[in-house]
Amino acid sequence: MKDSLTIAVLAGTTREQRQSIRAARYIAQFGSQLTGIDIIFVDPMEFHFAGDGNDPEGKDSRYTDITSRADAFFIVSPEYNHSFPGSLKRMLDSELENYIHKPVALAGASNGNWGGVRAVEALVTTVREMGLVATFTSPYFPRVQDSFDDHDQPRTEQKERIDRSIQSAYDELIWMAKALKAARMDTAS
């Protein structure tokens, strides 16, 4: 499809007990139902990056291919110690040139009341330095461990709020992705 966009949804942690993966999976599922959107789900547990002990170069060619193809990114990060996880930083640091002038939406998750706000705040500066363009609408998942059922679907009482916040984030991300893709194509010609 000529006007289709590819969005990579990045789960932000490799911890065994991670709860934010539920929000990441749901955001990817939600995006896959949008017209003209191709979603690539990236679980960092399936890749090898610098510091993992598996790749001295710090690159995983599969991730390089994904970042090259992606028109936009949607990062879902848990909040650990008022910031985002080192595993997410290693993943992001492994690529730079494929991020330039591409938009990124950020979502936060935590087991407390704030839903990862500080992780998202910390990520804004980091992604900006990498050449990504951060959007301004971020879904938050407070008490993420209580927000989803065993099938990674929002609990009934939270579904409307969660869907509305994800849709708003996608609306902005898609708008930015179309605008920046056209600008990148214009510059390349």
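The values are calculated or read from the model by the stated rules, or taken from the named source; none is laboratory data. On a predicted model such as this, the values are computed, not experimentally measured, just so you know. As a convention, Cβ positions derive from the backbone with ideal geometry for all residues, glycine included, and neighbour counts pool all protein chains shown.
If a residue must be in contact with a Pro (Cβ under 9 Å, 6 or more places away or on another chain), without any contact (Cβ under 8 Å) to a residue 60 or more places away in the chain and not hydrophobic (A, V, I, L, M, F, W, C), how many such residues does the stretch 114-123 contain?
1
What residue, among those in the stretch 152-189 that are of a type in the set (Val, Ile, Thr) and at pLDDT 95 or above, is farthest from residue 31 (Cα to Cα)? Steps first, answer last, please.
Going residue by residue through the stretch 152-189, those that are of a type in the set (Val, Ile, Thr) are 156, 162, 166, 174, 187.
Next, from what is left, pick out any that are at pLDDT 95 or above: 162, 166, 174.
Values: 162: 13, 166: 9, 174: 10 Å.
Residue satisfying both the conditions and the ranking: 162.
All but one of (1) in contact (Cβ under 8 Å) with a residue 12 or more places away in the chain; (2) outside any helix (DSSP H, G or I); (3) surrounded by fewer than 15 Cβ atoms within 10 Å (Cβ to Cβ) hold for residue 59; state the number of the condition that does not hold.
Exception for residue 59: condition (3).
Which one is farthest from residue 144 (Cα to Cα), of the residues in the stretch 1-35 that are of a type in the set (A, V, I, L, M) and assigned to a strand (DSSP E or B)?
Going through the stretch 1-35, the residues of a type in the set (A, V, I, L, M) turn out to be 1, 5, 7-11, 21, 23-24, 27-28, 34.
Next cut, assigned to a strand (DSSP E or B) only: 5, 7-11.
Details: 5: 28, 7: 23, 8: 21, 9: 18, 10: 17, 11: 14 Å.
Among those that are of a type in the set (A, V, I, L, M) and assigned to a strand (DSSP E or B), it is 5.
So that you can scan it fast, the table gives a plain yes or no per residue for (1) farther than 19 Å from residue 40 by Cα; (2) among the acidic types (Asp, Glu):
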site: 61; (1), (2): no, no
site: 71; (1), (2): no, yes
site: 88; (1), (2): no, no
site: 121; (1), (2): yes, yes
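Got a sec? Which helices (runs of 4 or more DSSP H) wholly within the stretch 86-178 have at least 2 residues that are among the polar types (S, T, N, Q) and farther than 15 Å from residue 20 by Cβ? Working first, answer last.
Working: elements: 86-93, 117-129, 144-147.
Output list reads 117-129.
When both residues are 6+ apart or on different chains and their Cβ atoms are under 8 Å apart, which pairs have a first residue that lies in the stretch 1-29 and is more than 26 Å from residue 180 (Cα to Cα), and a second that is among the polar types (S, T, N, Q) and surrounded by fewer than 19 Cβ atoms within 10 Å (Cβ to Cβ)?
Matching pairs, first to second residue: 19/111; 19/145.
Just checking, how many residues over the stretch 71-105 are in contact with a helix residue (DSSP H, G or I) (Cβ under 6 Å, 6 or more places away or on another chain), among the small types (Gly, Ala, Ser) and either surrounded by fewer than 18 Cβ atoms within 10 Å (Cβ to Cβ) or within 20 Å of residue 136 (Cα to Cα) (or both)?
4
Tell me, please, whether a residue that is within 30 Å of residue 3 (Cβ to Cβ), among the charged types (D, E, K, R) and free of Cβ contacts under 8 Å to residues at least 24 places away in the same chain can be found in the stretch 65-75. Spell out the reasoning first.
We begin by selecting, within the stretch 65-75, every residue within 30 Å of residue 3 (Cβ to Cβ); these are 65-75.
Pick out the ones that are also among the charged types (D, E, K, R) and you get 65, 69, 71.
Filter once more, so that each one left must be free of Cβ contacts under 8 Å to residues at least 24 places away in the same chain: 65.
The answer is yes, given that some residue of the stretch 65-75 is within 30 Å of residue 3 (Cβ to Cβ), among the charged types (D, E, K, R) and free of Cβ contacts under 8 Å to residues at least 24 places away in the same chain.
Only one of 65, 38 is farther than 21 Å from residue 151 by Cβ, modelled with pLDDT of 85 or more and surrounded by 15 or more Cβ atoms within 10 Å (Cβ to Cβ). Can you tell me which?
On the way: 65 fails: surrounded by 15 or more Cβ atoms within 10 Å (Cβ to Cβ).
Unique residue meeting the criteria: 38.
Tell me the residue from 126, 135 that is touching a Pro at 6+ places or on another chain (Cβ under 9 Å), among the polar types (S, T, N, Q) and surrounded by 12 or more Cβ atoms within 10 Å (Cβ to Cβ), please.
Numbers: 126 fails: touching a Pro at 6+ places or on another chain (Cβ under 9 Å).
Among 126, 135, only 135 is touching a Pro at 6+ places or on another chain (Cβ under 9 Å), among the polar types (S, T, N, Q) and surrounded by 12 or more Cβ atoms within 10 Å (Cβ to Cβ).
Could you pull out the residue among 112, 108 that is of a type in the set (Gly, Ala, Ser) and modelled with pLDDT of 95 or more? Before the answer, list the steps.
Numbers: 112 fails: modelled with pLDDT of 95 or more.
After ruling out the rest, the residue left standing is 108.
Tell me, yes or no, whether the stretch 41-54 has at least one residue that is outside any strand (DSSP E or B), modelled with pLDDT under 95 and of a type in the set (Phe, Trp, Tyr).
yes
Please specify each residue of the stretch 138-189 satisfying the condition of being surrounded by 14 or more Cβ atoms within 10 Å (Cβ to Cβ) and among the hydrophobic types (A, V, I, L, M, F, W, C).
Selection gives 141, 144, 148, 162, 166, 169, 173, 174, 176, 177, 180.
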